[in-house]
Each structure stands twice: as C-alpha cells, then as structure tokens.
1. Specify the angular offset, from 0 to 90 degrees and rounded to the nearest 10, of the alpha carbon long axis of helix 2-19 from the longest principal axis of the alpha carbons in the chain.
2. Evaluate the relative contact order of the chain (contact order divided by residue number), counting alpha-carbon pairs under 8 angstrom at least 6 apart; express in whole percent.
3. How big is D for segment 53-163, in µm² s⁻¹ as a whole number, if Stokes-Einstein is applied with the Kirkwood radius of its Cα pairs at 10 °C and 1.306 mPa s?
4. What ranking do LYS88, LYS120 get, fewest neighbouring Cβ atoms within 10 angstrom at the top?
5. Before anything else, pin down the relative contact order of segment 22-116: Cα pairs under 8 Å, at least 6 apart, normalised by residue count, whole percent.
6. Divide by every residue of the chain the summed helix terms, -39500 (n - 2.57) for each DSSP H run of at least 4, and state the resulting mean residue ellipticity at 222 nm, rounded to the nearest 500 deg cm²/dmol.
7. Work out the length of the dipole vector of segment 38-159 about its Cα centre, built from +1 on the beta-carbon of each Lys and Arg and -1 on the beta-carbon of each Asp and Glu, and round it to the nearest 20 debye.
8. Sorted from fewest to most neighbouring beta carbons within 10 Å, what does the list LEU77, LEU152 look like?
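Just so it is clear, none of the values below were taken in a lab; they were calculated from the coordinates. Note that this is a predicted model, so its numbers are computed, not measured. Ideal geometry is used to build each Cβ from the backbone, glycine not excepted, and the neighbour counts take in all protein chains shown.
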Amino acid sequence: MKKMYLIPMLAIFGVALAFAGVYVVNNFVIQSDVYEPYTVSYAILGDAGNYEGGACSDVTEWTLMEDVTSPFDVQGLFAGESRRFCVKIDNEGEGNVPYVITSVVQEGDNYEACTNAFPKVTETGTATGSATTYDGVTFTVASDAEPVEDCLVEVSVGRGELE
C-alpha cells in the first residue's frame, strides 16, 4: 500500500527538481585576449673554462631565446667540467607565474652515451609579476662519461606547473 503513494510522490519530486533553479535577472559576457607574459633571455657561464660560480643576476650580456636559430657550440667539455645555463625571465604580467627549466638530450646517433654524460636537469620556480627573475641549470659532465662527439642538449623554459 505504501508503494502506491511512494512512486507518484517520487515522480512529483523529480519533476519539481527539473524545474527548480535560479531565476536569472541579468547576465553579461566578457571578451578578452590572453598574452604571453614571458620574454626569455639566456647566457652561459663558464665559457672557455669550467663553471666556478657566480650568480645569473650578475650577467651583463643576454641573448633572447627567440633569436637562437642553431645549436650553441660550447666547444666541448671534459669529464667533471660544467657550464651554467642562466635564464632571465621578464614577466610583463602582474601575476606570479610558475616556470620550469629543463634540459634533455635530443635523440641521435650517440643518444645513450650523451644521456650518460648529460643527465636530465630540471629547475622550477615562480616568476614574480612585473619583475625580472633570474635562474638557471648547471650542466656537469658525469665523471665516468665516455668520450663522445656532438651531443645535443635541449634546454627549454616552460610556463606553468610541473606535472
């Protein structure tokens, strides 16, 4: 007997839920463009010798990453030597935006030997809004690396969180 009342009552509640909602008084639509906040420049410390230290913020000559058209040849490194790849991020936006700097060996004939010589390096941080942020990654050739020619190490600067 109770089922006879329950089923129609549930149907009425279901119809009421379908029509229940918010009464819209007014609405509007915004239109916006999204701009790239970063201008990225680079510099390499330890050129023609081992990287001995120094802050990326002390560098006076920078090259825009968008102006790079071919690999930058560091003329070779001995096992145990290193270079510091500095990055200058000019954040034109007002918001703080996270970044990721990664280095990875590109595929090629000497991929395994190059990967052993140049392990993957990742650096994360946050570029402060309306300011310049300095950071970088240090490449150190593994002390047990075998001699190999023409390793291509790709360095990239990404915007956003590392997953």
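1. 60
2. 25
3. Details: Rh = 15.3 Å.
Estimated diffusion coefficient is 104 µm²/s.
4. Ascending number of Cβ neighbours within 10 Å: LYS120, LYS88.
5. Here the relative contact order equals 37 percent.
6. Details: 2 runs with 25 residues, N = 163.
Rounded to the nearest 500, it is -5000 deg cm²/dmol.
7. 400
8. LEU152, LEU77
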